[in-house]
Amino acid sequence: MKETGDVGLVGELAKGRQKTIWTRAASSLTCGALHKTLLTVTTLKGNESTKRKRDTIKQLLVSCQKEEARYIIRILQGNLRIGVLEKTLYVALAHALFIEKRSSSNSTQTASWPSKEEFKSVAKLVTRAFNEMPCYDSIIPLLLEKENLLDLSHEHLLIPGNPPPPPRPPEAAAFMATLPSSNAYATFCSPGTPVKPMLSSPSSGPEDIVARFGAGVQFLCEYKYDGERAQIHKVGDNKYAVYSRRLEDHTSKFPDLIACLPQYEKETTQSYIIGQYLLLLCQDGEIVAYDRESKKILPFQTLTTRARKNVDLDAIKVQVCFYAFDILYINKEVLVNLPLVERRKRLESEFVPVDGGFQMATSQLAATAEELSAHFDSSLQQAHIEGLVVKLWTEATATYELGKRSLKWLKLKRDYLEGCADTLDLVVMGGFYGRGKRAGVFGSYLLGVWDPENEEYQATCKCMTGFSDEFLLATAKYLNEGDNLLAKPLSYYRYGAEPDVWFKPTLVWEVHAAGISLSPTYPAAAHLLDGRGLSLRFPRFKRERTDKKPEDASPPETARTHNHAVQHPTTSTSPCSPGTRIIREARGGHKILAVQSPSLSCLSVATPYWFVQYGNSYSQSTASRRP
């Protein structure tokens, strides 16, 4: 394992070398049998379930051929590393739908093969369907068997501001007419099946947000809580489920929240019946640790001390409060296409807030940078509030975009005041041995972003600050156990600075930095920036993200976005003031930043200095704004 860094390759090598283990004929394993066995492994519970799972997997490996062992093991790990992304499957499914409809058509006329735009349209619809119901077993039969679920009218596929799709050729239109054009896609959204949440994009300040939304547009400034993102589903008569941001079932983790939910509902939410379900709802919000005596929110780290499942209601020490900020589905109605103002009205009309148990996220309306700044300053005065999430409010485009990091929601965090518009979630790739006070543990760590396009981790910084002694000790103990240590970097690691020790990608940390700059050492986002990567300046550990898998870490595009926001902030309406020291642009070059009169200019030169001219008077500043 230390030589290859890949359990799948270890299995393949063992298949060829250890003949005493691999003795059974390797011809009986079929795809159907493999699928059935893997499903069996997921259902094994109770006494000795671990042993039974191990024995079942062992039988699989005995029955397979040499190369098959590699991929069976990778399937069990949840990472095939074959270069196929989930979005690739959506496109493939769109092609399959076209082929299926074409082959099953009774028309004797030969229609032209649909254009690339038609394929893209269906792929977008399939993507949206999976964002609403991320379950292949449910979606594929619906797409294949029920024609009225495939909407190709484009009414739900257009992105505001984009031009409409080109008109279809007559032949393609005839073929497309065999597919229905209703908006029954909404039935994909079903309580009991978690949906992919809408995510917010970073911003560099109030002016940046107003510039993106547009002058005069009203928006909602909502507290960004230091908690755990969650969605609550009610799928029957007092039957609830809680799902995490990663779509994991956390119902058994919050029995106290489940027990209290009925008292938060209004009577009107008890009277609708659909099929076998009484009242269907799905809402989005944040679970935080809460002290009900002092009525204060506690740090996120307090919430992480709660067990991940099977929590005993009588043994709970950490109380929680659910802050609701959106509702996606109520009774028979899918709400994702309504503007936020309407969704918020429905949320407030269906539930009764209770202090310390179920509350609406604190929010205020604004329309200018000044109002936004005032709300932001107010949020910073509150304990364990990370900042604001600023959302489009009344616009028709203020819909809930499932599974998308949208520009309709923009984050404004306290970190932007310190030089970086946001934090990054990075994967621990390696460690450097500590010295002095940190002897015996890893004193610093090599961290990287996850590039889903190339399926690789790209190093972006060496982090050595923000750790407590207890955390360093516990982390070193964890990383030294099991198979977390690697003899060499994995084949899908990209790095410049080489650490003392390599680790398997298992930990995700939230890291704050003073800024992001171009780097000849670190390869993060190098393929997006002409060969030069990005590095975090003065990275500082904030917290461990136990709610995220390594594949959920920040992608290179996020680092590039932050770098652009820092290097090219939104231009303020007030001009540069002569004699005022300002931060120089990162890249050299002669550039006029402001001209107020023929005798006034502010020039950036290819040296780390500013020269400010006012008439015949000059002043000079260094890059750190010192005169």
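A Cβ distance below 6 Å, combined with a sequence gap of six or more or placement on separate chains, defines the contacts here; from the range 52-67, residues that are at negative phi reach residues that are at pLDDT 85 or above and surrounded by fewer than 17 Cβ atoms within 10 Å (Cβ to Cβ) in the pairs ARG52/LEU44; LYS53/VAL41; LYS53/LEU44; THR56/VAL41; LEU60/THR37. Out of VAL336, VAL341, one residue alone is over 20 Å from SER252 (Cβ atoms), part of a loop (DSSP other than H, G, I, E, B) and in contact (Cβ under 8 Å) with a residue 40 or more places away in the chain. It is VAL336.
Scanning for something buried (at least 19 other Cβ atoms within 10 Å of the Cβ) and either in contact with an Asp or Glu (Cβ under 8 Å, 6 or more places away or on another chain) or on the phi > 0 side of the Ramachandran plot (or both), does the range 351-360 turn up at least one residue? Yes; the residues of the range 351-360 include at least one that is buried (at least 19 other Cβ atoms within 10 Å of the Cβ) and either in contact with an Asp or Glu (Cβ under 8 Å, 6 or more places away or on another chain) or on the phi > 0 side of the Ramachandran plot (or both).
Residues of the range 214-227 that are crowded, with 19+ Cβ neighbours inside 10 Å and either hydrophobic (A, V, I, L, M, F, W, C) or modelled with pLDDT of 90 or more (or both): PHE219, LEU220, CYS221, GLU222, TYR223, LYS224, TYR225.
Could you please find all residues in the range 520-540 being buried (at least 22 other Cβ atoms within 10 Å of the Cβ) and not in a loop (DSSP other than H, G, I, E, B)? If the condition is that a residue be buried (at least 22 other Cβ atoms within 10 Å of the Cβ) and not in a loop (DSSP other than H, G, I, E, B), then GLY533, LEU534, SER535, LEU536 are the ones that fit.
Residue-level analysis places LYS477 among those that are outside the structural domain of PRO206 (by the TED database), of a type in the set (Lys, Arg) and not in a strand (DSSP E or B).
Results for (1) outside any helix (DSSP H, G or I); (2) modelled with pLDDT under 60; (3) β-branched (Val, Ile, Thr); (4) within 19 Å of THR56 (Cβ to Cβ), shown as yes or no for each residue.
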| position | (1), (2), (3), (4) |
| --- | --- |
| GLU3 | yes, yes, no, no |
| GLY8 | no, no, no, yes |
| LYS19 | yes, yes, no, no |
| THR23 | yes, yes, yes, yes |
| THR37 | no, no, yes, yes |
| VAL41 | no, no, yes, yes |
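Residue selection: LEU76 fails the criterion of being at pLDDT 75 or above, aliphatic (A, V, I, L, M), loosely packed, with under 12 Cβ neighbours inside 10 Å and within 35 Å of the chain's Cα centre (by Cα). Reported count of residues in the range 306-350, each being crowded, with 20+ Cβ neighbours inside 10 Å, farther than 22 Å from THR397 by Cα, touching an Asp or Glu at 6+ places or on another chain (Cβ under 8 Å) and not aromatic (Phe, Trp, Tyr), is 1.
Looking at the range 327-365 only, could you name the residues that are among the β-branched types (Val, Ile, Thr) and out of contact with any helix residue (DSSP H, G or I) (no Cβ under 7 Å at 6 or more places or on another chain)? Once the filter is applied, which keeps residues that are among the β-branched types (Val, Ile, Thr) and out of contact with any helix residue (DSSP H, G or I) (no Cβ under 7 Å at 6 or more places or on another chain), the range 327-365 yields VAL336, VAL341, THR362. Hey, does the range 204-212 have a residue that's in a loop (DSSP other than H, G, I, E, B), of a type in the set (Ser, Thr, Tyr), assigned by the TED database to the domain that holds LEU402 and surrounded by 19 or more Cβ atoms within 10 Å (Cβ to Cβ)? Within the range 204-212 (the criterion being in a loop (DSSP other than H, G, I, E, B), of a type in the set (Ser, Thr, Tyr), assigned by the TED database to the domain that holds LEU402 and surrounded by 19 or more Cβ atoms within 10 Å (Cβ to Cβ)), the answer is yes, since at least one residue qualifies. If you go through the range 491-507 and keep only what is more than 21 Å from ARG537 (Cβ to Cβ) and of a type outside the set (S, T, N, Q), you end up with TYR492, TYR493, ASP500, VAL501, TRP502, PHE503, LYS504, PRO505, LEU507. Every condition in (1) over 21 Å from CYS282 (Cα atoms); (2) in contact with a Cys (Cβ under 9 Å, 6 or more places away or on another chain) holds for THR394 except the one numbered (2). Whether any residue in the range 392-406 is within 30 Å of GLY448 (Cα to Cα) and outside any loop (DSSP other than H, G, I, E, B) is what I want to check. Yes, the range 392-406 contains a residue that is within 30 Å of GLY448 (Cα to Cα) and outside any loop (DSSP other than H, G, I, E, B). Going by what's in this entry, would GLY440 be described as closer than 22 Å to LYS196 by Cβ, in contact (Cβ under 8 Å) with a residue 12 or more places away in the chain and assigned to a loop (DSSP other than H, G, I, E, B)? So GLY440 does not fit the description; no. The single condition among (1) charged (D, E, K, R); (2) at pLDDT 75 or above; (3) out of contact with any strand residue (DSSP E or B) (no Cβ under 8 Å at 6 or more places or on another chain); (4) more than 19 Å from ASP547 (Cβ to Cβ) that GLU267 does not meet is (2). Would you confirm whether any residue within the range 493-509 is more than 15 Å from LEU446 (Cα to Cα), crowded, with 17+ Cβ neighbours inside 10 Å, of a type outside the set (Asp, Glu) and assigned by the TED database to the domain that holds LYS462? No: the range 493-509 contains no residue that is more than 15 Å from LEU446 (Cα to Cα), crowded, with 17+ Cβ neighbours inside 10 Å, of a type outside the set (Asp, Glu) and assigned by the TED database to the domain that holds LYS462. For the range 84-99, indicate whether the set of residues that are exposed (fewer than 13 other Cβ atoms within 10 Å of the Cβ), farther than 24 Å from PRO452 by Cα and modelled with pLDDT under 85 is non-empty. Yes, there is a match, as at least one residue in the range 84-99 is exposed (fewer than 13 other Cβ atoms within 10 Å of the Cβ), farther than 24 Å from PRO452 by Cα and modelled with pLDDT under 85.
Restricting the range 422-449 to residues that are more than 19 Å from ARG537 (Cα to Cα) and crowded, with 16+ Cβ neighbours inside 10 Å leaves a set whose member that is nearest to the chain's Cα centre (by Cα) is PHE442.
In the range 25-35, the residue that is nearest to TYR71 (Cα to Cα) out of those that are surrounded by 12 or more Cβ atoms within 10 Å (Cβ to Cβ) and modelled with pLDDT of 75 or more is LEU34.
Taking the criterion of being assigned to a loop (DSSP other than H, G, I, E, B) and modelled with pLDDT under 95, would at least one residue in the range 424-433 satisfy it? No: zero hits. Selection within the range 295-310: residues that are part of a helix (DSSP H, G or I) and of a type in the set (S, T, N, Q). The member of this set that is farthest from the chain's Cα centre (by Cα) is THR302.
The values are calculated or read from the model by the stated rules, or taken from the named source; none is laboratory data. Note that this is a predicted model, so its numbers are computed, not measured. Positions of Cβ are backbone-derived with ideal geometry, glycine not excepted, and every protein chain shown enters the neighbour counts.
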